[in-house]
Amino acid sequence: MADKIVLAGATSVIGHNEILKAFSDIGMDATFIEAPFVKKYLKNSSGEFTYTESIPSGAIAIPLSEYWISQCIKTRQCAISEKALKASRSKKYLYELLAKNGNKVPEIFDSLEKARSFISETKGKVIVKPEGLFSGYAVKTVGEENLNSLEELVLKARDVHNNAIKLFEIESKGALVTELIPGNEYSADLFLCRGRLSLVRLSKKVVVEIHGTPCTVICQMVPCSADFLEQMSKWCRALFDDGDISFAQFDFIEGCDGGLVPIDFACRVGGGMGELFGECESNVYADAVVGKQYQVRASNGYLTQFNYVPTKSGVIEKDDYNLQEGKHFIYKHKGDFVPESPSSVASRIAVVVKKAPLATIEDARELLIGDERIKFWKKK
């Protein structure tokens with residue numbers, strides 16, 4: 001008898017029919033569901049899935065978004081280890097678990113004095129973040145230039161309150177201060193099915209700081225080396241059990257010594273790349289479900305997503321963005337409000353997808369939109 005699988009978080013992925021067929025091909029009866037509150041964010045309602053607040057009785061859920069991770073934690077209607085669920089909601093636990101299994105992780109500072117000493121002695125930076133949240137909320141970097149702000153930023157990271165936390169039923173567990181690892185940043189999605197591991201995609205990122213908040217402005221689909229895949233497999237072996245069925249999303253740094261250091265994890269798919277995946281030759285999620293080898297053809301450049309983001313809070317005054325060539329997706333128009341520290345997909349002004357060479361920080365600066373098109377906004 002086929003396993004009854006519920007893919008929870010339908011709007012997190014594209015190509016539903018291809019994904020359902022892929023699960024059918026491996027002997028699983030899969031359906032999609034989504035939370036009702038998502039409806040208001042959709043331009044067009046889809047009949048391909050059911051809206052519900054809970055996981056159907058008797059089904060095994062595969063969470064695709066943060067809300068459904070919360071439901072899996074609450075009901076245990078999933079085939080995901082307690083370790084992976086807990087690590088999805090605690091970066092401290094994630095780092096401690098991976099370190100215990102022989103993996104390099106960022107150093108955690110258990111006092112502000114130790115963080116200040118690290119900055120002063122190494123001339124490096126630390127990163128302050130809420131310990132159990134996601135999507136860049138209250139994440140800030142601290143170096144010598146703003147060392148006096150460290151305590152204030154920690155207090156803000158400890159006290160994050162917004163609608164997403166309430167909707168997703170996420171507990172804010174305080175702040176975490178860790179070393180900021182220099183190097184190239186990557187993001188990856190994997191699919192685990194009872195001991196089999198498939199790579200959905202590997203993306204190299206270009207990250208800029210906007211008022212101290214790290215922001216991904218360029219994301220490129222790149223080939224995955226055997227060494228990269230083996231290291232990600234090692235992380236998964238520490239987090240998951242042999243019988244688990246789940247997606248896994250990692251953010252990590254390739255350090256100056258070539259080693260990989262994980263900085264974030266969740267047992268779901270990564271967000272904010274639907275535009276990029278829509279231009280792939282095949283459905284990356286469906287390919288991974290059936291174990292199809294992940295490949296990137298870079299003969300004419302790498303498939304790249306350019307995110308145009310605001311550098312100040314305000315209202316769009318001019319929406320002639322002068323976007324570069326490629327497939328355009330414009331989300332903010334004249335009269336729309338934008339935030340100064342973009343920390344989520346919703347804050348992007350526009351997106352362009354095209355083939356491009358490996359990007360640099362110089363390429364990223366061209367994607368920042370500020371005074372020339374955004375008028376200062378102040379709440380009356």
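Observations on the structure shown:
- Index of the failed condition, S313 passing every other in (1) in contact (Cβ under 8 Å) with a residue 24 or more places away in the chain; (2) more than 30 Å from K140 (Cβ to Cβ): (2)
- Close pairs (9 angstrom Cβ cut-off, 6 or more residues apart or separate chains): closer than 24 Å to K327 by Cβ and in contact (Cβ under 8 Å) with a residue 60 or more places away in the chain in region 280-295, surrounded by fewer than 21 Cβ atoms within 10 Å (Cβ to Cβ) and β-branched (V, I, T) anywhere: N283/I14; Y285/I14
- Restricting attention to region 187-221, the residues that are farther than 30 Å from A79 by Cα and not in a strand (DSSP E or B) total 2.
- Just one of the listed residues (E96, E82) is in contact with a strand residue (DSSP E or B) (Cβ under 9 Å, 6 or more places away or on another chain), at pLDDT 95 or above and open to solvent by 70 Å² or more (accessible area, probe 1.4 Å), and it is E96.
- Hits in region 329-347 (condition: at pLDDT 90 or above, out of contact with any helix residue (DSSP H, G or I) (no Cβ under 9 Å at 6 or more places or on another chain) and under 27 Å from G212 (Cβ atoms)): D336, F337
- Candidates are the residues of region 194-250 that are closer than 16 Å to V269 by Cα and β-branched (V, I, T); the one that is surrounded by the fewest Cβ atoms within 10 Å (Cβ to Cβ) is I245.
- Qualifying residue in region 244-251 (condition: modelled with pLDDT of 95 or more, in contact with a Gly (Cβ under 8 Å, 6 or more places away or on another chain), of a type in the set (D, E, K, R) and over 20 Å from A138 (Cα atoms)): no
- Residue that is surrounded by fewer than 19 Cβ atoms within 10 Å (Cβ to Cβ) and assigned to a strand (DSSP E or B), where the choices are K318, K292, K354, K334: K354
- Residue selected from region 321-331 under the condition part of a loop (DSSP other than H, G, I, E, B) and free of Cβ contacts under 8 Å to residues at least 24 places away in the same chain, by the criterion surrounded by the most Cβ atoms within 10 Å (Cβ to Cβ): Y331
- Residue list for region 299-313, restricted to those being open to solvent by less than 40 Å² (accessible area, probe 1.4 Å) and out of contact with any Gly (no Cβ under 9 Å at 6 or more places or on another chain): G301, L303, Y308, V309, S313
- Residue check for G272: touching a strand residue (DSSP E or B) at 6+ places or on another chain (Cβ under 8 Å), open to solvent by less than 60 Å² (accessible area, probe 1.4 Å) and over 17 Å from I19 (Cβ atoms): yes
- Candidates are the residues of region 32-63 that are of a type in the set (F, W, Y) and modelled with pLDDT of 90 or more; the one that is farthest from R268 (Cα to Cα) is Y51.
- Residues of region 254-267 classified as part of a strand (DSSP E or B) and either open to solvent by 10 Å² or more (accessible area, probe 1.4 Å) or more than 15 Å from L180 (Cα to Cα) (or both), total: 6
- Annotation: of all residues in region 152-166 being assigned to a helix (DSSP H, G or I) and open to solvent by 100 Å² or more (accessible area, probe 1.4 Å), the one that is modelled with the highest pLDDT is K156.
The values are calculated or read from the model by the stated rules, or taken from the named source; none is laboratory data. These figures come from a predicted structure and were not determined experimentally. Don't worry about glycine lacking a Cβ; one is built from the backbone with ideal geometry, like all the others, and counts go over all protein chains shown. Each accessible area value is taken on the protein alone, full model and side chains, heavy atoms only, with ligands, DNA and RNA left out. Shrake-Rupley method; radii C 1.70, N 1.55, O 1.52, S 1.80 Å.
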